[in-house]
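Colleague: Here you go, one structure.
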Amino acid sequence: MKIPLIFLGTSQAIPTAKRNHTAMLLQYKNENILIDCGEGTQRQFRKAKINPGKVNRILISHWHGDHVLGLPGLFQTLVLSNYNKKMYIYGPKKTKIFIKQLIRPFIPVLKFKIEVSNVSGKFLETSDFYIEAFSLKHGPPCNAYSFVEKDKIRIDKKKLKKLKIPPSPLLSKLQQGKNIKYKGKIIKAKYITYKEKGKKITIILDTALTENCYKAAKNADLLIAEATYANEEKQLAKEYKHLTAAQAAIIAKKSKVKKLILTHISQRYQKNEKILLKQARKIFPKTEIAEDLDKIEV
Ligand SMILES: [Zn+2]
Ligand SMILES: [Zn+2]
């Protein structure tokens, strides 16, 4: 199963005509997980032809305006459209307080339920996936997030056909790793099933290069990483605790990820974004730069 991911906004602190403030949407079965919600995110949803009312979880990387200022507007729209799900919101330290402060002036009575949690480590687990937070090194507390799909046991359909086993509860036994007896014959689960590796997607937004970047991204199928600066501005990256494109590539390489997508692109490179791509690809060739409304599948 492919996991769709939509880049709703890809800019650094100052948005441009081409790039909106940071937000992305990860879709998995019934889950619509919004990661950050920069100003204007709800309009980006419209451009992407996705109903923002689908969102059921919000992950916040950190409390800088370019990552959260879209929340009051989004919430107002949800209220006006009679959103009736429970919204789960996760973020680093102080998220619980900050959500209240940001939403209440505009929406004194929130007409739908929200559950806000300050998170670190593994904080959400279902039968299909889990999400883990890793603290990064930025100004305010900041989290990287890894969405990890669990491995699945699949049945080899060709072998099933050959053995002429019809759909029955026997199949779920095999999926549980149990051997079965069919027409007097023992059929080993090991023979007829195989393991399908779950996907891993890691999102590293604003941070200086720190050990947890590698931990978060380890063996990911996709790493989405901020790349606010080029090598020429290395000193600024250090000062403002951001990554350069090359550092994002170093994380991808050392963590053995399959693909890297750069985001949180600065307006300073508006006319020369290729420089970021070039510097990253030198270290990690499988790198791309995200554009607003890009949809990819992992
Ligand atoms: Zn930012
Ligand atoms: Zn920031």
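The values are calculated or read from the model by the stated rules, or taken from the named source; none is laboratory data. Because the structure is a prediction, the values reported are computed rather than measured. Every residue, glycine among them, receives a Cβ derived from its backbone with ideal geometry; neighbour counts consider all protein chains shown. Side chains are part of the model used for accessible areas, which takes the heavy atoms of the whole protein and leaves out ligands, DNA and RNA. Shrake-Rupley method; radii C 1.70, N 1.55, O 1.52, S 1.80 Å.
Colleague: Can you find even one residue in segment 143-165 that is part of a loop (DSSP other than H, G, I, E, B) and more than 30 Å from LYS188 (Cβ to Cβ)?
Modeller: Here is the first cut: in segment 143-165, the residues part of a loop (DSSP other than H, G, I, E, B) are 150-151, 156, 164-165.
Cutting the leftovers down to more than 30 Å from LYS188 (Cβ to Cβ) gives us none.
Checked against the condition, which is being part of a loop (DSSP other than H, G, I, E, B) and more than 30 Å from LYS188 (Cβ to Cβ), segment 143-165 yields no hits at all.
Colleague: For the structure I just gave you, tell me whether ASN179 is touching a residue at least 60 places away in the same chain (Cβ under 8 Å) and touching a Lys or Arg at 6+ places or on another chain (Cβ under 9 Å).
Modeller: Values: touching a residue at least 60 places away in the same chain (Cβ under 8 Å): no; touching a Lys or Arg at 6+ places or on another chain (Cβ under 9 Å): yes.
Judged against the criteria, ASN179 is not a match.
Colleague: Could you give me the residue pairs with C-beta distances under 8 Å whose first residue belongs to segment 259-275 and is over 15 Å from ALA290 (Cβ atoms), whose second residue is assigned to a helix (DSSP H, G or I) and open to solvent by 10 Å² or more (accessible area, probe 1.4 Å) wherever it lies, and which are 6+ apart or on separate chains?
Modeller: Note: pairs meeting the criteria are ARG268/GLU233; ILE275/TYR269.
Colleague: Still on this structure, I have one more. Just to verify a result, which residue in segment 1-12, among those that are part of a loop (DSSP other than H, G, I, E, B) and either touching a residue at least 60 places away in the same chain (Cβ under 8 Å) or among the charged types (D, E, K, R) (or both), is farthest from ligand 1 (Cβ to nearest atom)? If you could, list the steps in order and put the result at the bottom.
Modeller: As a first pass, look at segment 1-12 and keep what is part of a loop (DSSP other than H, G, I, E, B): 1-3, 10, 12.
Filter once more, so that each one left must be either touching a residue at least 60 places away in the same chain (Cβ under 8 Å) or among the charged types (D, E, K, R) (or both): 2-3, 10, 12.
Details: LYS2: 28, ILE3: 24, THR10: 11, GLN12: 6 Å.
Filtering segment 1-12 for residues that are part of a loop (DSSP other than H, G, I, E, B) and either touching a residue at least 60 places away in the same chain (Cβ under 8 Å) or among the charged types (D, E, K, R) (or both), the one farthest from ligand 1 (Cβ to nearest atom) comes out as LYS2.
Colleague: Here is a follow-up. Being in contact (Cβ under 8 Å) with a residue 12 or more places away in the chain, away from ligand 1 (no atom under 16 Å from the Cβ) and touching a strand residue (DSSP E or B) at 6+ places or on another chain (Cβ under 9 Å), is that true of even one residue in segment 60-67?
Modeller: To start, the set of residues in segment 60-67 that are in contact (Cβ under 8 Å) with a residue 12 or more places away in the chain comprises 60-67.
Pick out the ones that are also away from ligand 1 (no atom under 16 Å from the Cβ) and you get none.
For segment 60-67, residues in contact (Cβ under 8 Å) with a residue 12 or more places away in the chain, away from ligand 1 (no atom under 16 Å from the Cβ) and touching a strand residue (DSSP E or B) at 6+ places or on another chain (Cβ under 9 Å): absent.
Colleague: In addition: State the number of residues belonging to segment 193-205 that are more than 24 Å from CYS37 (Cβ to Cβ) and part of a strand (DSSP E or B). So that I can check it myself, show each step before the final result.
Modeller: First, pick out the residues of segment 193-205 that are more than 24 Å from CYS37 (Cβ to Cβ): 193-198.
From the residues that got through so far, the ones that are part of a strand (DSSP E or B) too are 193-196.
Here the count works out to 4.
Colleague: Within segment 21-39, take every residue that is open to solvent by 30 Å² or more (accessible area, probe 1.4 Å) and over 13 Å from ILE201 (Cβ atoms) and give me the one that is nearest to ligand 2 (Cβ to nearest atom). Steps first, answer last, please.
Modeller: First, the residues of segment 21-39 that are open to solvent by 30 Å² or more (accessible area, probe 1.4 Å): 27, 29-30, 39.
So of that shortlist, the ones also over 13 Å from ILE201 (Cβ atoms) come out as 29-30, 39.
Details: LYS29: 31, ASN30: 31, GLU39: 14 Å.
Ranking the candidates gives GLU39 first.
Colleague: Follow-up question, since we're still on this one. Just for segment 118-142: of the residues that are loosely packed, with under 13 Cβ neighbours inside 10 Å and outside any loop (DSSP other than H, G, I, E, B), which one is nearest to ligand 1 (Cβ to nearest atom)?
Modeller: Residue satisfying both the conditions and the ranking: GLY121.
Colleague: Considering only residues that are of a type in the set (Lys, Arg) and within 15 Å of ligand 1 (Cβ to nearest atom), which ones fall in segment 188-246? Please lay out each step first, then the result.
Modeller: To start, the set of residues in segment 188-246 that are of a type in the set (Lys, Arg) comprises 188, 190, 195, 197, 199-200, 215, 218, 234, 238, 241.
The one that is of a type in the set (Lys, Arg) and within 15 Å of ligand 1 (Cβ to nearest atom): LYS241.
Colleague: At least 2 residues that are buried (at least 24 other Cβ atoms within 10 Å of the Cβ) and in contact with a strand residue (DSSP E or B) (Cβ under 6 Å, 6 or more places away or on another chain) in each: list the strands (runs of 3 or more DSSP E) lying fully within segment 206-298 that qualify. Before the answer, list the steps.
Modeller: Numbers: elements: 222-226, 260-263, 287-289, 295-297.
Qualifying strands (runs of 3 or more DSSP E): 222-226, 260-263.
Colleague: If we only count helices (runs of 4 or more DSSP H) wholly inside segment 62-106, which ones have 2 or more residues that are of a type in the set (D, E, K, R) and away from ligand 2 (no atom under 16 Å from the Cβ)? First the steps, then the outcome.
Modeller: Values: elements: 65-68, 71-80, 95-103.
Here the list reads 95-103.
Colleague: OK, next. Just the residues that are of a type outside the set (Val, Ile, Thr) and more than 30 Å from ASN219 (Cβ to Cβ), please, taken from segment 172-200. It would help to see each step written out before you state the result.
Modeller: Taking segment 172-200 as the starting set, the residues that turn out to be of a type outside the set (Val, Ile, Thr) are 172-179, 181-185, 188-191, 194-200.
LYS173, ASN179, LYS181, TYR182, LYS183, GLY184, LYS185, listed by residue number.
Colleague: Within segment 135-151, count every residue that is within 16 Å of ligand 2 (Cβ to nearest atom) and at pLDDT 95 or above.
Modeller: Quick first cut of segment 135-151, residues within 16 Å of ligand 2 (Cβ to nearest atom) only: 135-145.
Okay, now just the ones that are also at pLDDT 95 or above, so 135-138, 140-145.
Summing the residues that are within 16 Å of ligand 2 (Cβ to nearest atom) and at pLDDT 95 or above in segment 135-151 gives 10.
Colleague: Next up: Kindly provide the set of residues from segment 173-187 that are surrounded by 12 or more Cβ atoms within 10 Å (Cβ to Cβ) and either of a type in the set (Val, Ile, Thr) or not in a strand (DSSP E or B) (or both), ordered by number. Explain how you work it out, then say what you get.
Modeller: Here is the first cut: in segment 173-187, the ones surrounded by 12 or more Cβ atoms within 10 Å (Cβ to Cβ) are 173-175, 179-180, 182, 187.
Listed by number, the residues that qualify are LYS173, LEU174, GLN175, ASN179, ILE180, ILE187.
Colleague: So which of GLU232, GLU239 is at pLDDT 95 or above and within 16 Å of ligand 2 (Cβ to nearest atom)? Quick ask: steps written out before the conclusion?
Modeller: On the way: GLU232 fails: within 16 Å of ligand 2 (Cβ to nearest atom).
Result of the check over GLU232, GLU239: GLU239.
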